[in-house]
């Protein structure tokens with residue numbers, strides 16, 4: 001991890017054409033991942049975003065301010081060589097999807113969950129061929145194996161960079177269907193995040209906000225929106241030069 005210990009030595013961080021896409025160069029020197037592989041991403045837009053993170057560094061490099069770089073590193077060093085395991089891990093969320101577990105009450109919360117979540121579960125059934133069952137409380141809900149297989153196929157179709165961002169979309173929201181709805185253009189990122197927070201927002205409305213919980217939620221939202229931007233840039237189909 002010595003790359004992350006360095007102080008800024010460059011004047012200009014910029015995207016450069018590379019085999020397989022676009023790399024990032026620091027005064028002409030190519031950036032590499034923590035495992036010393038070339039940091040090459042599939043689209044110019046993604047390379048621009050990562051180069052901007054490097055250009056914004058002052059003094060010692062701080063990876064906490066470089067989420068796109070971290071996600072790209074993960075795609076190359078972790079997701080690509082362990083792709084099957086990552087797909088299986090994310091697909092497993094379909095068996096315990098957030099939107100399949102409903103509150104027993106009060107009626108207003110039950111109605112809010114149904115209004116927000118039922119349309120996306122219906123979309124998954126109609127567009128993806130994956131009808132998921134819904135239950136009440138925390139008792140595990142058995143899901144149809146064929147439906148889960150169809151959701152798995154959706155995840156398995158993703159390339160490593162998209163999959164790396166998709167990991168964050170699923171893990172932060174707790175919902176495979178919600179992340180797929182975003183990935184397929186059924187819902188935007190802000191809307192997806194809001195739907196993942198129905199239960200938490202309800203609690204805040206009833207009992208008031210907690211400063212620590214509010215700060216944590218803000219960080220998670222920023223991470224979710226950042227992952228959505230990375231996903232969009234990684235999957236962009238518009239010709240880029």
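Quick rundown of the values:
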read-out: Chain lengthening between residue 115 and residue 64 when straightened (0.36 nm per residue, less Cα-Cα); value: 14.7 nm
read-out: Quarter of Cα convex hull surface for the range 37-79, i.e. mean projection, nm²; value: 3.1 nm²
read-out: Residue with peak Gaussian network fluctuation, the chain [Cα springs, cutoff 10 Å], from 120, 163, 109; value: 109
read-out: Value at 222 nm in deg cm²/dmol, rounded to 500, when DSSP H runs of n ≥ 4 in the chain each add -39,500 (n - 2.57); value: -16500 deg cm²/dmol
read-out: Neighbour-count ranking [beta-carbon atoms within 10 angstrom, fewest first] of 232, 199; value: 199, 232
read-out: Cα-derived Rg over Rh, computed across the range 71-153 with Rh taken as Kirkwood radius; value: 1.08
read-out: Most fluctuating residue given options 39, 12, 148, as computed from a GNM of the chain linking Cα atoms under 10 Å; value: 12
read-out: Relative contact order (percent, whole number), the range 2-79, Cα cutoff 8 Å, 6+ residue spacing; value: 32 percent
read-out: FRET E, pair residue 35, residue 236, Förster distance 22 Å, beta-carbon r, rounded to 0.05; value: 0.25
read-out: Sequence-separation-based contact order of the chain, relative, with Cα cut under 8 Å and 6+ spacing, percent; value: 20 percent
read-out: Cα pair distances exceeding 22 angstrom across the range 2-79, given as percent; value: 11 percent
read-out: Radius of gyration, Dmax [the range 112-239; alpha carbons; angstrom]; value: 15.5, 50
read-out: Kirkwood-based Rg to Rh ratio, the range 110-159, C-alpha trace; value: 1.02
read-out: Per-residue Cβ neighbour rank within 10 angstrom, fewest leading, 24, 76; value: 76, 24
read-out: Relative contact order (%) - the range 46-167, alpha-carbon pairs under 8 angstrom, separation at least six; value: 31 percent
read-out: For the chain, the fraction of alpha-carbon pairs in successive 5 Å shells from zero, as %; value: 1, 6, 13, 16, 16, 14, 11, 9, 6, 4, 2, 0, 0
read-out: Neighbour-count order for 79, 16, 41, fewest beta carbons within 10 angstrom listed first; value: 16, 79, 41
read-out: Rg/Rg_ref, the range 191-241, where Rg_ref = 2.2 N^0.38 Å and atoms are Cα; value: 1.56
read-out: Separation of the residue 8 and residue 211 label points, Cα + 7 Å toward Cβ, nm; value: 3.2 nm
read-out: Separation between Cα centres of the range 149-178 and the range 182-241, rounded to whole Å; value: 15 Å
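Values in this text are rule-based calculations from the coordinates and carry no lab data. A quick note: this is a predicted structure, and the numbers were derived from the prediction, not measured. Ideal geometry is used to build each Cβ from the backbone, glycine not excepted, and the neighbour counts take in all protein chains shown.
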